[in-house]
Structures are given as C-alpha cells and as structure tokens.
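Reading through the structure tokens given below for one structure.
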Amino acid sequence: MAVETKLVELTYEDRVATMILNRADALNALNLEMLKEVLSALQHVKEQGTDFLVIKGSGKAFSAGGDIKMMLAPSHDESFGDVMGVINHLITTLYQLPTITIAAVNGAAAGLGLSLALACDYIIADERAKLAMNFIGIALIPDGGGHFLLEKRMGAHEAKKLIWEGEVLTAQQGLEKYIIDETASDLDAAVEQKVGAWKKKPVLAMKKTKDIYVSQSLSQLKASLEMEKEGQGQMNQTKDHREGIEAFVQKRPPVFTGQ
C-alpha cells in the first residue's frame, strides 16, 4: 500500500512503513507544507498500527533542516507560531509513536533535520553522512526537541558544547559521540538487516519497553519544546539572527555583535 503526497511518500510492506522525504531539489529542507505532510504521514502510520517505520530522505540529503526561504518570507513573523506549533506536534507524535522507528540518514542531517532523526528510536547513517546541530550559525537555538534529544544521547554538558560550536560531524564522529547508533557503507542493506533482525524479536515486548521510557520522559520533552518555542521567538527578533540570515544568503561569514 502506498500513500503519496506532494512532499512525502509513504509505503507499507510486510509490517514496515517507509516514509521518504521527497523534496530533493531543496535537500529536503522542511517548510511549513512539508512539516504538515510529515505530521499527517506519522498520524497515518499510527492509525495503521504497523510494527516498524523507516524514515529516509530522497536525493543527496536526509534533511538540510528548516527552510531558509521560509525564514526570509515577509510573512515569517506572522506564521512563526504556526510553524513552531506544527514542529512541536510532529516531534511529540514521532517520539511517542507506538511503532519502532529508524532514521536512515544519507547525506546531510542538519538542524531540524537532525532533530527529526534524533526523535527516532534508532539512527543508521551512511558512512559519508554529515551531521550538524548548526542553529548557532544563524543565531538561533535548536528546535524540534533538539536540546532534550541531544541530552538523552550525550548528556547535557556534551550537548551544550555541540550546540554552541555548531560543528559539522562525520558519521564516525557522530557514532563516537553517541548521536547515532550505526554507520554503514550500504545504507539500504544495513536498514534491511536491522529491520529483519527486529522482525524476529517479540515486537510487543519491544514496544512496551519504548512505551515505558516514553511515558517517563514525555512531559520533559513537551516542556523543552515549549521553552524552545519561546526562546526561538526571542532569538528570531535579534540583530544577530538577521545578520546570520543575511550572511547565509550572501555566502559570507557572519559578523555577530551579541545583540
């Protein structure tokens, strides 16, 4: 069975749902329309009750993050609350999905794209993939639960350093820092092998373990998302953010002043 929208392709086969982010011409950058379609696809997966979900990116990237063009739009300030609301709903839906989820990361997973991967239960990255929580480059803070999700994997101190530096990591570095779970020279084969191994396990027991951990931490994730929404709104109004966006568009280093 296949469910295809303009920007997301969702297929089902033998207990496995596969969601493909389908905006390859923009490196699967997440604009409001795409965010809504991803959320709708996740809700469809939940309704179907499938055992496993694999999320992939089409083309050369998993997802380059939030769409810069969306940030530059004249209506951005007016739509900011709606965008953040959809992001928060999407991440909470994915995090507590009663399905075992795998992010299959090819190319870049940056910013909100990395947060999307981190909200999955397991991350397999192509050995040539690049990872970055690089909001700092445009004077913003991580959203999509980035603070909470990185802390769960790395601890607060290491997560803070990664966020402040905005460093682009190789897949191997991501593995060493516990950001991802596995690297692969053949991503599709590695995902197939992992799903195949999990199919042989008592999946109801796996789901119950996930449910226990999610139940213990969901309120913390929701609180973090609300703080990110408030903080991002504040950062969105700073001179440094405007400078960061202009520098990005002009392909030059930003000159931040702390304002």
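So for the chain, averaging the separation of alpha carbon pairs under 8 Å that are six or more residues apart and normalising by length, what relative contact order in percent results?
Details: 469 pairs, mean separation 42.5, N = 259.
Once normalised by length, the contact order is 16 percent.
So which lysines can K56 reach, going by Cα to Cα under 19 Å and dropping same-chain residues fewer than 8 places off?
K6, K36, K46, K130, K194
What aspartates and glutamates could a cross-link reach from K210, if we take a straight Cα to Cα line under 16 Å and drop same-chain neighbours fewer than 8 places away?
D51, D121
Quick check: the distance between the Cα centres of the stretch 85-108 and the stretch 164-184, to the nearest angstrom?
18 Å
In square angstrom, what is the accessible area per residue of the chain with a 1.4 angstrom probe?
On the way: 12500 Å² over 259 residues.
Heavy-atom SASA per residue in the chain reads 48 Å².
With a 1.4 Å probe and all protein chains left in place, how much of the accessible area of the chain comes from carbon and sulfur atoms, in whole percent?
After summing per-atom areas, the C and S share lands at 53 percent.
What distance in nm lies between label points placed 7 Å from Cα along the C-beta direction at A197 and D211?
Going by the 7 Å Cα→Cβ label model, 2.5 nm.
Where is the GNM fluctuation largest for the chain (alpha-carbon springs, 10 angstrom cutoff): A171, A205, A132?
Maximum fluctuation in the GNM of the chain, among the listed residues, is at A205.
Rounded, prolate or oblate: pick one for the stretch 154-246, where a ≥ b ≥ c are the square roots of the eigenvalues of its C-alpha gyration tensor, a/c under 1.5 means rounded, and failing that, prolate if a/b is larger than b/c, else oblate.
Since a/c reaches 1.5 but b/c is at least a/b, the shape of the stretch 154-246 is classed as oblate.
Under a Cβ-only charge scheme (Lys and Arg +1, Asp and Glu -1), can you give me the dipole magnitude of the stretch 139-259 about the Cα centre, in debye to the nearest 20?
460 debye
According to the square roots a ≥ b ≥ c of the eigenvalues of the Cα gyration tensor, what is the shape class of the stretch 22-105, taking rounded for a/c under 1.5, prolate for a/b larger than b/c otherwise, and oblate for the remainder?
Oblate shape, in that a/c is at least 1.5 and b/c is the bigger or equal ratio.
From the phi angles alone, apply the Karplus equation (6.51, -1.76, 1.60; θ = phi - 60°) to the stretch 231-240 and give each ³J(HN,Hα) in whole Hz, x where the residue is Gly or Pro.
x, 5, x, 5, 5, 4, 9, 7, 5, 4
Taking amide H positions as placed in the peptide plane 1.01 Å from N, state which residues far from K130 in sequence (5 or more) or on other chains have amide H under 5 Å from it.
Residues meeting the amide H criterion: G107, A108, A109.
Taking every pair of Cα atoms in the chain, average 1/r, invert it to obtain the Kirkwood radius, and report Rg/Rh to two decimals.
For the chain, the value is 0.95.
Using a 1.4 angstrom probe on the protein heavy atoms only, could you order D143, D14, D181 from most to least accessible area?
Values: D143 15, D14 105, D181 60 Å².
Putting D143, D14, D181 in descending order of accessible area: D14, D181, D143.
Taking only Cα atoms and a 10 Å spring cutoff, compute GNM fluctuations for the chain and point out the largest among G166, G144, G57.
G166
Which of rounded, prolate or oblate describes the stretch 198-245 when judged by the alpha-carbon gyration tensor and an a/c cut-off of 1.5?
On the way: a/c = 8.99, a/b = 2.79, b/c = 3.22.
Oblate shape, in that a/c is at least 1.5 and b/c is the bigger or equal ratio.
Pick out which of E165, E37, E47 has the largest mean-square fluctuation in a Gaussian network model of the chain, springs linking Cα atoms closer than 10 Å.
Ranking E165, E37, E47 by mean-square fluctuation puts E47 first.
The values are calculated or read from the model by the stated rules, or taken from the named source; none is laboratory data. These numbers were taken from a predicted model, which means no experiment stands behind them. Heads up, the Cβs are rebuilt from the backbone with ideal geometry, glycines too, and the neighbour counts pull from every protein chain shown. Please note that ligands, DNA and RNA were not included when accessible areas were found on the heavy atoms of the full protein model with its side chains. Shrake-Rupley method; radii C 1.70, N 1.55, O 1.52, S 1.80 Å.
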